[in-house]
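The values are calculated or read from the model by the stated rules, or taken from the named source; none is laboratory data. Because the structure is a prediction, the values reported are computed rather than measured. Cβ: placed from backbone, ideal geometry, glycine included. Neighbour counts: every protein chain shown. What goes into the accessible areas is simple: the full protein's heavy atoms, side chains included, and nothing from ligands, DNA or RNA. Shrake-Rupley method; radii C 1.70, N 1.55, O 1.52, S 1.80 Å.
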Amino acid sequence: MKKVTVLYILWLIVFSTGCDQKFLEVAPDVALDEAKVFSSPVLAAQFADNAYSFLPSDYLRFGGTGPAQASDEAVGTNALNINAPIYTLNKGLFHQHTHDTSEMWTKCYGGIRVVNKMLSKIDEVEWGADHNPQRIKGEMYYLRAFFYFELLKRFGSVVIVDKAHNPTDDIDFPRNTYEECVAFIIDNLSQAVTLLPVEHDPANYGRPTLGAALALKSRTLLYAASPLHNPESNVSKWQAAASAAKEVMDLNLYTLHPSYDEILSPPGNGTSSEYILIKVRGPRAWSWMSANIVSPGSGGGSSTVNPTQNHVDLYEMQNGMPIGAAGSGYDPAHPYQNRDPRFYSNILYNDAPWQGRKMEMWNGGKDYSEGTITYSATRYYCRKLWPEIYQAPGQQTAFLNYIFYRYGEILLNYAEAQNEAAGPDAGVYNAINQLRRRAGMPDLPEGMGKDAMRDRIQNERAVELAFEDHRWYDIMRWKRGVELINATGYGMNVERLANGDFTYTKVPVAETYQKVFEEHMHLYPIPRDEVQKSKHLVQNPGW
């Protein structure tokens, strides 16, 4: 059986030796005896592992301010963090605590700092037979590429720091160009793929493989080819992105998991042939589930992640037709009948069977109580992030994996790039139809043009990757924020009649949950304190 790459035992690797655990709490090059660290292969390997601590590792990782709530997927009902991060960006405001901006800038450059130090010292270490310095070097190149991509997708061009510096060095550098940043990422990945293994033994699960490096290359080149950074629609950039995705496909290492419903929580050992790089998360604390996902009718939760009607409307009918198409069969009086099966995997809606009962989204129902802080602003909850076992406080055992890359994304990357490079050829149809068939949906209709196929691919991406931290960044790279984020956000008003039937009316959510997006917001502002302390760092336009 093929071994997949997961991140759940890195803490074992880091803490399994007898060294002082406070080592990892020290800044990489501050108050640290470098001679001691890099004279010991054990300490040097631990220093390298410290770079992993700067990676994102969970959904909703910013306390209700994540990408799902910023995009049109969901609204956040935490009164202190409404619509964040976009809320704190509106009207020229930029708050230093905005987690997806200043925190990620700090985290990524912190990780880069560790990597640069490790690469500068790795050839000086007297490695023993128990260590693999070539693999460690490959991991460092991969991680540096990853950190720079995370910066690139938020801020555009950034400062490339490609070597370790001393505390007294002048490191006030100007920003590199976007093209230079992309080339730097690809160069690091080119070095990584020559050093990383195809798979790992169980003791080293959690480390990037050849497939992970190629998946990051695919994602990087897709973003570089997208309208935000390719306004002239340079076909060669799309061709490069398509080729990068095809490299992953041609490895023949990954296949789609049989059931979309299990994509975040596969049975058995929590792994899947679809996974390229993930972090397996242990059982979730009730406090995490109840604060972010669970409804008040399921043990007193106060979900702050509420899928929007805008997102719900993206799910086609099971016959493959959009709900607004003539003859689709969509019935506004029964809006949840005969929809794309992924709708039922991703969304909890009124009268949905759940935990041995039916969800009650009408006013006064168990899952909706108007005027309190424990109700859904849209009358929807996120099933994809809610293992059904979480019903009340207690000992929970459900896993919910954090996915860095899965094969489904690679197929979507290929379809999008190939359609832009060559039009909707057989390869484009095949990639998308694999996903649709897995979901139980019919193939896309033949004979579509490039524009029509683009619309269907973007819709497919929104549905397939829902709540996996893609939608917000997709909207930014497509330059569709003004169109989609500014659009009125809707929920569903549900009335329960005396006979037990329901009426459904699409209604705007409260004004406090409506969002504002201006053209310059397709790139984040560089953190204010970083600009203020630099002589050369230029802020993004509009901020």
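Among the residues making up the range 245-256, those that are of a type outside the set (D, E, K, R) and touching a residue at least 40 places away in the same chain (Cβ under 8 Å) are A245, V248, M249, L251, L253, Y254, T255, L256. Has the range 486-493 got any residue that is buried (at least 18 other Cβ atoms within 10 Å of the Cβ), over 25 Å from C108 (Cβ atoms) and under 23 Å from the mean Cα position of the chain (by Cα)? Looking through the range 486-493, at least one residue is buried (at least 18 other Cβ atoms within 10 Å of the Cβ), over 25 Å from C108 (Cβ atoms) and under 23 Å from the mean Cα position of the chain (by Cα). Considered as a group, the residues in the range 171-194 that are outside any helix (DSSP H, G or I) and of a type in the set (S, T, Y) include one that is farthest from the chain's Cα centre (by Cα), and that residue is T194. Got at least one residue in the range 354-363 being over 23 Å from T512 (Cβ atoms), charged (D, E, K, R) and buried (at least 24 other Cβ atoms within 10 Å of the Cβ)? No, that holds for no residue. When each of P296, P197 is tested for being more than 22 Å from the chain's Cα centre (by Cα) and closer than 22 Å to D49 by Cβ, the lone residue that passes is P197. Restricting attention to the range 272-281, does a residue exist that is farther than 30 Å from T177 by Cβ, over 17 Å from the mean Cα position of the chain (by Cα) and buried (at least 23 other Cβ atoms within 10 Å of the Cβ)? Yes, the range 272-281 contains at least one residue that is farther than 30 Å from T177 by Cβ, over 17 Å from the mean Cα position of the chain (by Cα) and buried (at least 23 other Cβ atoms within 10 Å of the Cβ). In the set P258, P208, only one residue is of a type outside the set (A, V, I, L, M), open to solvent by 10 Å² or more (accessible area, probe 1.4 Å) and farther than 22 Å from G156 by Cβ; that residue is P258. Of S369, S328, S345, S376, all but one fail to be among the small types (G, A, S) and not in a loop (DSSP other than H, G, I, E, B); the exception is S345. Taking the range 177-194 as the range and being open to solvent by 40 Å² or more (accessible area, probe 1.4 Å) and under 15 Å from Q134 (Cα atoms) as the test, the residues that pass are S190, Q191, V193, T194. Among the candidates A417, A377, A421, A333, which residue alone is of a type in the set (A, V, I, L, M), modelled with pLDDT under 95 and over 20 Å from S265 (Cα atoms)? Unique residue meeting the criteria: A377. Taking the criterion of being of a type in the set (S, T, N, Q), at pLDDT 95 or above and part of a helix (DSSP H, G or I), the residues of the range 200-226 that qualify are S218, T220. When the residues of the range 103-143 are filtered to those that are among the basic types (K, R) and surrounded by fewer than 23 Cβ atoms within 10 Å (Cβ to Cβ), the one that is farthest from the chain's Cα centre (by Cα) is K121. Look at the range 519-542: where a residue is under 17 Å from Y473 (Cα atoms) and a partner is open to solvent by less than 10 Å² (accessible area, probe 1.4 Å) and among the acidic types (D, E), sitting 6+ places away or on another chain with Cβ atoms under 9 Å, you get Y524/D100. Taken over the range 144-168, residues that are open to solvent by less than 60 Å² (accessible area, probe 1.4 Å) and not hydrophobic (A, V, I, L, M, F, W, C) amount to 8.
Would you check if there is a residue in the range 452-460 being acidic (D, E) and either open to solvent by less than 10 Å² (accessible area, probe 1.4 Å) or within 26 Å of Y402 (Cβ to Cβ) (or both)?
yes
Can you pull out the residues in the range 174-199 that are touching a Pro at 6+ places or on another chain (Cβ under 9 Å) and either within 25 Å of S157 (Cβ to Cβ) or modelled with pLDDT under 95 (or both)? Within the range 174-199, just A192 meets the criteria.
Do we have any residue at all in the range 157-170 that's assigned to a helix (DSSP H, G or I), touching a Phe, Trp or Tyr at 6+ places or on another chain (Cβ under 7 Å), of a type in the set (V, I, T) and within 24 Å of H229 (Cα to Cα)?
Looking through the range 157-170, none of the residues is assigned to a helix (DSSP H, G or I), touching a Phe, Trp or Tyr at 6+ places or on another chain (Cβ under 7 Å), of a type in the set (V, I, T) and within 24 Å of H229 (Cα to Cα).
Highlighted here are the helices (runs of 4 or more DSSP H) found entirely within the range 414-519 that include at least 2 residues which are farther than 27 Å from R383 by Cβ and not charged (D, E, K, R): 426-439, 450-464. The residues of the range 227-265 that are in contact with a helix residue (DSSP H, G or I) (Cβ under 7 Å, 6 or more places away or on another chain), of a type in the set (S, T, Y) and in a loop (DSSP other than H, G, I, E, B), listed by number, are Y254, T255.
In the list N310, N319, which residue meets the criterion of being open to solvent by 20 Å² or more (accessible area, probe 1.4 Å) and either assigned to a loop (DSSP other than H, G, I, E, B) or free of Cβ contacts under 8 Å to residues at least 60 places away in the same chain (or both)?
N319
Return the only residue of I403, I475, I410, I432 being of a type in the set (A, V, I, L, M), in contact with a strand residue (DSSP E or B) (Cβ under 7 Å, 6 or more places away or on another chain) and surrounded by 19 or more Cβ atoms within 10 Å (Cβ to Cβ).
Just a single option satisfies the conditions, and that option is I403.
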